[in-house]
1. Note down the relative contact order for the chain as a percent, whole number, built from C-alpha pairs under 8 angstrom at least six residues apart.
2. Please work out how much length the chain gains when fully extended from Arg35 to Ala8, using 0.36 nm per residue of separation minus the C-alpha to C-alpha distance, in nm with one decimal.
3. Which listed residue (Thr68, Val184, Leu115) has the Cα farthest towards the positive end of the charge dipole for segment 68-190, taking +1 on Lys and Arg C-beta and -1 on Asp and Glu C-beta about the Cα centre?
4. In nm, what is the difference between 0.36 nm times the number of residues separating Ala133 and Asp91 and their Cα-Cα distance?
5. Once label points are set 7 Å from the Cα along Cα→Cβ at both Asn168 and Leu104, what is their separation, rounded to one decimal in nm?
6. Once amide H atoms are placed 1.01 Å from N in the peptide plane, what residues at a sequence separation of 5 or more from Val94, or on another chain, have their amide H within under 5 Å of its amide H?
7. Given 0.36 nm per residue, what is the gain on full extension from Asp181 to Ala74 after removing their alpha carbon distance, in nm?
8. For Ala51, what residues show an amide H to amide H distance below 5 Å, using hydrogens built from the backbone and excluding near sequence neighbours?
Amino acid sequence: MSHDGHGADFDERAATWDDDPGKAARADQVAEAIRASVPLDPSMRVLEFGAGTGLLTQALREDVGPATLTDTSAGMRQVMEDKIAAGAIPDARVWDLDLSSGPLPDDRFDLVVSLMALHHIPDTDAVLANVAALLDPGGRVAIVDLDAEDGSFHGQDRHDVHHGFERNDLAERLRRAGFVDVEVGDCASVERGDGTFPLFLAVATRP
């Protein structure tokens, strides 16, 4: 699927994205899991990629420092800009950055987070390599996404390039991208009409 078509579809859904209370509840659950796995502090520079409307960063705001939110959908970026203007996500900025293709900015971060974004991006290894490049030494990545499933999560809504991820495979990809202390564990789950889909939290450190 073309990058543009993908973005346009999310553009249409952006304005009503947060109307689903389940999304905010899931972001809170995930933030809790990240807090339990990563030592956070208010000086940490955070990058959330594929941030959508910024719900995960919103849920982490009290615990971390300045935030940078990226998304390839202009509609999603507009929602985040509006939230920042309204004070809902203080000390944050929004970038149009595609982590699978770059070019990468000169900025560096202490923590990179992502919630349900990785399975939409075809080149997993490129994203992980670029995340490593954006982290200062000792920086951490915390990725939450779908466990491997049969494709029914999105059904006919064909946005996911990957039907989730095998945990061991993703851990190996993180190691190949240069990360150490890779841990992949249970995180939360998503209820959809046709079932419950478990999510994992993958945490790793840039040496």
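The values are calculated or read from the model by the stated rules, or taken from the named source; none is laboratory data. Keep in mind the model is a prediction, meaning the values are calculated, not measured. All Cβ positions, glycine included, derive from the backbone under ideal geometry; neighbour counts span all protein chains shown. Surface areas here come from the heavy atoms of the whole protein model, side chains and all, with no ligands, DNA or RNA. Shrake-Rupley method; radii C 1.70, N 1.55, O 1.52, S 1.80 Å.
1. Relative contact order here is 19 percent.
2. 6.4 nm
3. Selected residue: Thr68.
4. Working: separation 42, 0.36 × 42 = 15.12 nm, distance 2.30 nm.
Difference between extended and current length: 12.8 nm.
5. The two pseudo-label positions are separated by 2.9 nm.
6. Sorted by chain and number, the residues that satisfy this are Leu69.
7. Between Asp181 and Ala74, full extension yields 35.0 nm more.
8. Thr70, Asp71
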